[in-house]
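The values are calculated or read from the model by the stated rules, or taken from the named source; none is laboratory data. Please read these numbers as outputs of a predicted model, since none were measured by experiment. We place every Cβ from the backbone using ideal geometry, glycine too, and count neighbours over all the protein chains shown. For the accessible areas, the whole protein counts, side chains as well, though only heavy atoms, and no ligand, DNA or RNA atoms are used. Shrake-Rupley method; radii C 1.70, N 1.55, O 1.52, S 1.80 Å.
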Amino acid sequence: MPLPPVVRERGRLVAGGAAVGSVAAPILVVGLVVVVGVGPLAAAETAFAFGGLWFGLALLGWAGSVASGRAIEAAQERLDVGSGWTERRSRRAMARIGGFGAGMMLVAPVIGTAVG
């Protein structure tokens with residue numbers, strides 16, 4: 001049975017962010033080893049923590065968008081503020097950021113295992 005279009009669309013958002021995060025993790029590890037001079041295992045642990053930071057930020061932002069999104073949109077409309085912020089776009093952005101963090105958190109332990 002094929003997945004509904006909404007699930008496929010949202011899955012692509014998260015998967016795209018995860019792909020970018022999984023590429024960013026090794027770049028961050030190499031950068032920390034070469035530029036800062038930390039050990040490879042410590043660099044992989046730092047990359048994991050950095051991914052966790054982004055994942056947590058996205059989770060908090062997504063929850064805030066869901067909880068307060070309609071109120072923020074109504075306030076913008078009432079105050080005639082044209083920022084263009086919408087609950088839907090905020091949730092989409094948080095899904096991408098969460099996917100980025102998750103991608104880093106998935107790849108960093110693999111790097112740590114390989115170098116440790």
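Suppose all protein chains stay in the model; what accessible area per residue would a 1.4 Å probe give for the chain, in Å²?
64
Of the heavy-atom accessible surface of segment 62-116 (probe 1.4 angstrom), what whole percent is carbon and sulfur?
Numbers: 2100 of 3550 Å².
Answer for segment 62-116 is 59 percent, counting heavy atoms of protein chains only.
Is there a quick way to get the dipole size of the chain? I mean about its Cα centre, with the Cβ of Lys and Arg at +1 and of Asp and Glu at -1; what is the value in debye to the nearest 20? Mind showing how you got there, number by number?
Working: 10 positive and 6 negative charges, 69 e Å.
Result for the chain is approximately 340 debye, rounded to the nearest 20.
If the chain between Val35 and Val115 were fully stretched, how many nm would it gain, using 0.36 nm times the residue separation less the Cα-Cα distance? Could the numbers behind the result be given before it?
Details: separation 80, 0.36 × 80 = 28.80 nm, distance 1.76 nm.
Gain on extension, Val35 to Val115, equals 27.0 nm.
With springs connecting C-alpha atoms under 10 Å apart, model the chain as a Gaussian network and identify which of Ala58, Ala102, Ala49 has the largest mean-square fluctuation.
Judging by the Gaussian network model, the answer is Ala49.
At 7 Å along the Cα-to-beta-carbon direction for both Arg8 and Leu57, put a label point, then send me their distance in nm to one decimal.
Here the modelled spin labels are 3.2 nm apart.
Which net charge results when you count Lys and Arg as +1 and Asp and Glu as -1 among the other residues whose beta-carbon is under 15 Å from that of Ala15?
Here the count lands on +4.
Cα centroid distance between segment 29-73 and segment 12-28, in Å?
12
Quick check: with the 1.4 Å probe, what order do Ser22, Ser83 take by accessible area, largest first? Please report the intermediate quantities before stating the final value.
Numbers: Ser22 40, Ser83 70 Å².
Sorted descending by solvent-accessible area, the residues read Ser83, Ser22.
Please give, to one decimal in nm, the separation of the simple spin-label points placed at Thr46 and Val23, each 7 Å out from Cα toward the Cβ.
2.3
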